[in-house]
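Working notes, structure below.
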Amino acid sequence: MAFQLYEFIIFVYCLLSFVPSIYNSAFGRFIVAMVNPFLNLIKKVIPTSIGFLDFSPIIALILIQLLQKAIFLII
């Protein structure tokens, strides 16, 4: 369930980028604080930007899915 919650937070982060007023609110800053450390780690390892498009949230969702499957296979 923690994986699904974090996936949802990443999805909300992506939606916030379309609404700058919410992005700069207290809620938006909280979501950014939750997601940015993981996205920044991905950006350091893999170049995720093409022009002004950033694909790090998509890569993050894929990595979370893979991690979730690996953990559940071990358990």
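The values are calculated or read from the model by the stated rules, or taken from the named source; none is laboratory data. As the structure is a prediction and not an experimental result, all values here were calculated from the model. In this analysis, Cβ positions are derived from the backbone assuming ideal geometry, glycine residues included, and neighbour counts consider all displayed protein chains.
Take the residues in region 52-65 that are under 14 Å from the mean Cα position of the chain (by Cα) and not β-branched (Val, Ile, Thr), then tell me which one is surrounded by the fewest Cβ atoms within 10 Å (Cβ to Cβ). So that I can check it myself, show each step before the final result.
Filtering region 52-65 for residues under 14 Å from the mean Cα position of the chain (by Cα) gives 54-65.
Among the residues that remain, those that are also not β-branched (Val, Ile, Thr) are: 54-57, 60-61, 63, 65.
Values: ASP54: 16, PHE55: 15, SER56: 21, PRO57: 19, ALA60: 20, LEU61: 15, LEU63: 15, GLN65: 12.
So, considering only residues that are under 14 Å from the mean Cα position of the chain (by Cα) and not β-branched (Val, Ile, Thr), the one surrounded by the fewest Cβ atoms within 10 Å (Cβ to Cβ) is GLN65.
List every residue pair whose Cβ atoms sit under 7 Å apart, with the two residues 6 or more apart in sequence or on different chains, where the first one lies in region 48-75 and is within 14 Å of GLN4 (Cβ to Cβ) and the second, anywhere, is modelled with pLDDT of 90 or more and not polar (S, T, N, Q).
Correct list of pairs: ALA60/ILE10; ALA60/PHE38; ALA60/LEU39; ALA60/ILE42; LEU61/GLU7; LEU61/ILE10; ILE64/TYR6; ILE64/GLU7.
For PHE55, are the conditions met, namely being among the aromatic types (Phe, Trp, Tyr), in contact with a helix residue (DSSP H, G or I) (Cβ under 8 Å, 6 or more places away or on another chain) and within 20 Å of VAL12 (Cα to Cα)? Steps first, answer last, please.
Working: among the aromatic types (Phe, Trp, Tyr): yes; in contact with a helix residue (DSSP H, G or I) (Cβ under 8 Å, 6 or more places away or on another chain): no; within 20 Å of VAL12 (Cα to Cα): yes.
In short, no.
Identify all residues within region 31-52 that are assigned to a helix (DSSP H, G or I) and more than 14 Å from LEU15 (Cα to Cα); write none if there are none.
Here is the first cut: in region 31-52, the residues assigned to a helix (DSSP H, G or I) are 31-45.
Residues satisfying the conditions are ALA33, MET34, ASN36, PRO37, PHE38, LEU39, ASN40, LEU41, ILE42, LYS43, LYS44, VAL45.
Just to be sure, is PHE72 in a helix (DSSP H, G or I) and modelled with pLDDT under 90?
Numbers: in a helix (DSSP H, G or I): yes; modelled with pLDDT under 90: yes.
For PHE72, the condition - in a helix (DSSP H, G or I) and modelled with pLDDT under 90 - is met.
Can you tell me which residue within region 13-51, out of those that are exposed (fewer than 13 other Cβ atoms within 10 Å of the Cβ) and small (Gly, Ala, Ser), is nearest to ILE64 (Cα to Cα)?
The qualifying residue nearest to ILE64 (Cα to Cα) is ALA33.
Against the condition surrounded by 14 or more Cβ atoms within 10 Å (Cβ to Cβ), in contact (Cβ under 8 Å) with a residue 60 or more places away in the chain and either of a type outside the set (Val, Ile, Thr) or touching a helix residue (DSSP H, G or I) at 6+ places or on another chain (Cβ under 7 Å) (or both), how does ILE10 come out, does it pass? So that I can check it myself, show each step before the final result.
Details: surrounded by 14 or more Cβ atoms within 10 Å (Cβ to Cβ): yes; in contact (Cβ under 8 Å) with a residue 60 or more places away in the chain: no; either of a type outside the set (Val, Ile, Thr) or touching a helix residue (DSSP H, G or I) at 6+ places or on another chain (Cβ under 7 Å) (or both): yes.
Against the criterion (surrounded by 14 or more Cβ atoms within 10 Å (Cβ to Cβ), in contact (Cβ under 8 Å) with a residue 60 or more places away in the chain and either of a type outside the set (Val, Ile, Thr) or touching a helix residue (DSSP H, G or I) at 6+ places or on another chain (Cβ under 7 Å) (or both)), ILE10 does not qualify.
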